[in-house]
Amino acid sequence: MPGETITFQAGQCGNQVGLQYWNQLATEHGISPDGTILSNPHEELGFESEGNQSHKTDRQDRPDLFFTLSSSNKYTPRSILIDLEPSVINKCTNEMPMFNPRNIHLSEQGNGAANNWQYGYSYGLQYQEELINLIDRECDKCENLSTFQLMHSVAGGTGSGVGSLLLELLNDRYGSKKLINTFSIFPSNDKTSDVVVQPYNTLLTLKRLIDFSDGTFVFDNDALNSIENSLFGISSSISNDTLNNRSNSAFESANKLISFVSASISNPLRFPTYMYSSNESILSTLVPSPDLKFLTASIAPFANLSNFDQKISKYNFTNLNEYDIILELLNDRYKMNKVNEPIKYISMLNYLIGNNLNQSEIRKGTIRAQQRVEFVPWTSSSIHVVNCQKSPFINGDKPQQKNKNLNGIQISNNTSIAHVFSKTVKQFDLLAKREAYVNYYTESNDKEERLRVLDLFNECRESVVNVIDEYKACQSMSYLEDEVLDNDELI
C-alpha cells in the first residue's frame, strides 16, 4: 500500500518548479487553487454533487498521498516551502492559496543566499531546530509516511546549501526508515553565467546527494532548452537561485516540463493500478545499487499541450499511438539529460498515460525499442512499462474522439550521468587549481582556513569521481564480480 509523500521546495528554483508541480497535481485531482474540490466531469472518482457543492465520498484516486484534507473539505499540499527571500514564495501563495502558511520558512532579512552554498548551509544550521519542527509537524499528519522528496537547484545558494542540510537532517532522523528522493536541476554549461562559483556549489551539493538520497532525478538545463526549441521553436532557460532579478515568465515552460515529469512519476500511486503502486517498487526497478542511483528522464511529444497553452507546437502529434510514444521516448531530442556520446542503459521504465491502452501496440513498441537500446551486459535487456490512467479532469479522451492524445515519459538509469558529472568536475578543477574565489567559503582569509576549505572541496570531488568511475565500471561484464571482490576485501 502506498504511503504519503512530503515535499520540500528549497530556493528560488525549487519553489518555482514546486508551484508548477502542485498546479499539475491539483489539476489532475480536480482541486482548485484554494484547495476546494471541483465537480467531477465523468463521475469516476466517487463524487456526489449537491447544488453547486461537491462532496467527497469514496474517491478512487489517492490525492491524500500528497495532500492533507481538512474538516472543511479543503486540500493542502504536504509541502514545506523554504527560501531566504520572499518574492517566489509570495507568488506561490498568491497563485495557489492552498499552501499552508505554517509550512513556510523565510529569512527575516530576506536578502537571499548570494548564490553561495556556504551561506545557505550555514543559514540552515542556524535555523535547523525551526526546520526540524516544520518537518515533525508535517510528519505527524501522516498515517503511513513513505517518502520525502526535495525540489532544488544544485548550483545556487539556498537550494543547494539549505537543500544539503535538509538531506542531512532527513537522513539522520528518518534515513533508514523512509525514502529520500530529489528532483535536482543542474546548471547550464553557458560560459556567460554570472555565478562564478557554480562548480563549487554543485560539487558540495552532489556530495550530499551521493551520501543521503535514495534516488536523484537529474534535469539538465541545456537539455531542457533543447527540448523547448524542438517542440516550440524557441529557446529559454530554466530558473535557478541565481536569477533573482529576471522575469519568471521566460522559464515557465521549462519548469512545467519538469513538473509534468515529476508528477507523472507518481501517477500509478495516485491513480492506483496493479503495478508500481509504491515508491519502493519504482525505485527498486530503477536503482540496482546505492552507487547507481542518478536517474534521467525523457518526455514524449504529445498533442495535449494544455499545460503549455502559451506556446504553439511546431508539430502535430495527435496521431501518435502507444507504439509511436515508446519509440519517441528514445529520441535524443526529448531527453532531459542529453550527451553527444553513446550511452548504455542500466534500467528503463516507460510510463504510458492514457485510457484504454492498446496492449498489442505496447508489446510491439517495446520489442522494437529493445532492439534499439544497448544495456550494460550484466543486466536483463528489458524495458519495463507501466500503464497509467489519465485524470478525468484533464481534457483528453472522449467517446467521439478517434485519437487518444497519449502522454508518455521515460525514467532511466544510464551512463550519461558520468558525462554530466565529468563536466562539473572539469569546471571545478579550472577554479580550484588557482584557488579562485575560495575566500567566498571561508570565515577568514588566513592560509589554514583556505586549506581547510580546499580539503573539503577535494573530499567532495573524490566522491563525485567515485560515482563517475562506478558508472564507467558498470559497463563491464565483470562489474558484479568486481563488486563481490570489493565487499570481500572490506570484510
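With the structure loaded, tell me whether Pro392 is in contact with a His (Cβ under 6 Å, 6 or more places away or on another chain) and at pLDDT below 90 or whether it fails that test.
For Pro392, the condition - in contact with a His (Cβ under 6 Å, 6 or more places away or on another chain) and at pLDDT below 90 - is met.
Cβ-Cβ below 7 Å, separation at least six or inter-chain, first residue in segment 453-477 and in contact (Cβ under 8 Å) with a residue 40 or more places away in the chain, second among the hydrophobic types (A, V, I, L, M, F, W, C) and outside any helix (DSSP H, G or I): which pairs?
Glu470/Leu292; Tyr471/Leu292; Cys474/Leu292; Cys474/Ile346; Cys474/Val376; Gln475/Val376; Met477/Trp378
For Glu361, are the conditions met, namely being part of a helix (DSSP H, G or I) and in contact with a Ser or Thr (Cβ under 8 Å, 6 or more places away or on another chain)?
The answer is no for Glu361.
Are any of the residues in segment 402-409 open to solvent by 30 Å² or more (accessible area, probe 1.4 Å) and either without any contact (Cβ under 8 Å) to a residue 12 or more places away in the chain or farther than 23 Å from Ile265 by Cβ (or both)?
yes
Limited to segment 338-359, what total is found for residues that are at pLDDT 95 or above and over 30 Å from Pro392 (Cβ atoms)?
Residues that pass the stated criteria total 4.
Identify all residues within segment 342-381 that are buried (at least 21 other Cβ atoms within 10 Å of the Cβ), of a type outside the set (Val, Ile, Thr) and over 19 Å from Ile265 (Cα atoms); write none if there are none.
Across segment 342-381, the qualifying residue is only Gly365.
Please determine whether any residue of segment 300-319 is at pLDDT 95 or above, within 29 Å of Asn23 (Cβ to Cβ), among the aromatic types (Phe, Trp, Tyr) and open to solvent by less than 10 Å² (accessible area, probe 1.4 Å).
No: segment 300-319 contains no residue that is at pLDDT 95 or above, within 29 Å of Asn23 (Cβ to Cβ), among the aromatic types (Phe, Trp, Tyr) and open to solvent by less than 10 Å² (accessible area, probe 1.4 Å).
Got a number for residues in segment 395-434 being at pLDDT 90 or above and part of a loop (DSSP other than H, G, I, E, B)?
Going through segment 395-434 one residue at a time, the tally reaches 3.
The values are calculated or read from the model by the stated rules, or taken from the named source; none is laboratory data. Everything numeric here is computed off the predicted structure, so don't read it as measured data. Ideal geometry is used to build each Cβ from the backbone, glycine not excepted, and the neighbour counts take in all protein chains shown. Quick note on the areas: whole protein, heavy atoms, side chains included, nothing else; ligands and nucleic acids left out. Shrake-Rupley method; radii C 1.70, N 1.55, O 1.52, S 1.80 Å.
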